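The values are calculated or read from the model by the stated rules, or taken from the named source; none is laboratory data. Predicted, not measured: the structure shown is a model, and the values here were computed from it. Quick reminder, even Gly has a Cβ in these numbers, built from the backbone with ideal geometry, and neighbours come from all protein chains shown.
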């Protein structure tokens, strides 16, 4: 296909080289409008359909990238759901990790296939899709990390509140029976001595 275009271009060049210079000029030439029009018409007819399709794809490049992003996002959400369902015991966590990696890899490969088939100039589009996928994985990591931190903070807060409740109960009991604090202190000392003996 390119050879036909090059052949017509060569014919145009040969025709221009064969034209005579205009009177009193070394740069301007006299050409036949009909011959030039005929050569240009033939050149347009020989333009490959693949080039026209490529130009159309490039003009729709934003839509292609957006479609790839939507599909990659859906695949990553599916990976996140399946990962959350598999997090329990050590063996199941290992299985979840392997399956999540496989799903993410499939999502990346499918996104790559969509981008590769969309245009011959896939490097730019693939770069955008991979960057977006990486950002989505980063967001997923942040969500899981935040969930871990939140659960830990709630657990620590629960222990703190329970200790405070115990202290309030002891204070209330002591206000009713002052000897309770002495008994409680004595009981704690006995527990400490008993624990020390056990350790020895």
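Hey, could you check the range 125-146 for residues that are touching a residue at least 60 places away in the same chain (Cβ under 8 Å) and more than 18 Å from residue 79 (Cβ to Cβ) and say which is nearest to the chain's Cα centre (by Cα)? The extreme case among them is 128.
Just one of the numbered conditions (1) within 30 Å of residue 141 (Cα to Cα); (2) in contact with a strand residue (DSSP E or B) (Cβ under 7 Å, 6 or more places away or on another chain) is not true of residue 29: (1). Looking across 55, 82, one residue alone is out of contact with any helix residue (DSSP H, G or I) (no Cβ under 8 Å at 6 or more places or on another chain) and without any contact (Cβ under 8 Å) to a residue 40 or more places away in the chain. It is 55. For the range 1-38, the set of residues classified as loosely packed, with under 10 Cβ neighbours inside 10 Å and part of a loop (DSSP other than H, G, I, E, B) consists of 20, 23, 24, 25, 26, 27, listed by residue number. The set of residues in the range 111-122 being out of contact with any helix residue (DSSP H, G or I) (no Cβ under 9 Å at 6 or more places or on another chain) and either surrounded by 19 or more Cβ atoms within 10 Å (Cβ to Cβ) or farther than 14 Å from residue 57 by Cα (or both) consists of 113 alone. Can you pull out every residue in the range 80-136 that is over 30 Å from residue 51 (Cβ atoms) and not in a helix (DSSP H, G or I)? Listed by number, the residues that qualify are 86, 87, 88, 89. Number of residues in the range 88-110 that are under 13 Å from the mean Cα position of the chain (by Cα), surrounded by fewer than 13 Cβ atoms within 10 Å (Cβ to Cβ) and under 12 Å from residue 76 (Cα atoms) equals 1. Would you say residue 73 is within 27 Å of residue 139 (Cβ to Cβ), at pLDDT 90 or above, surrounded by 13 or more Cβ atoms within 10 Å (Cβ to Cβ) and out of contact with any strand residue (DSSP E or B) (no Cβ under 8 Å at 6 or more places or on another chain)? Criteria met by residue 73.
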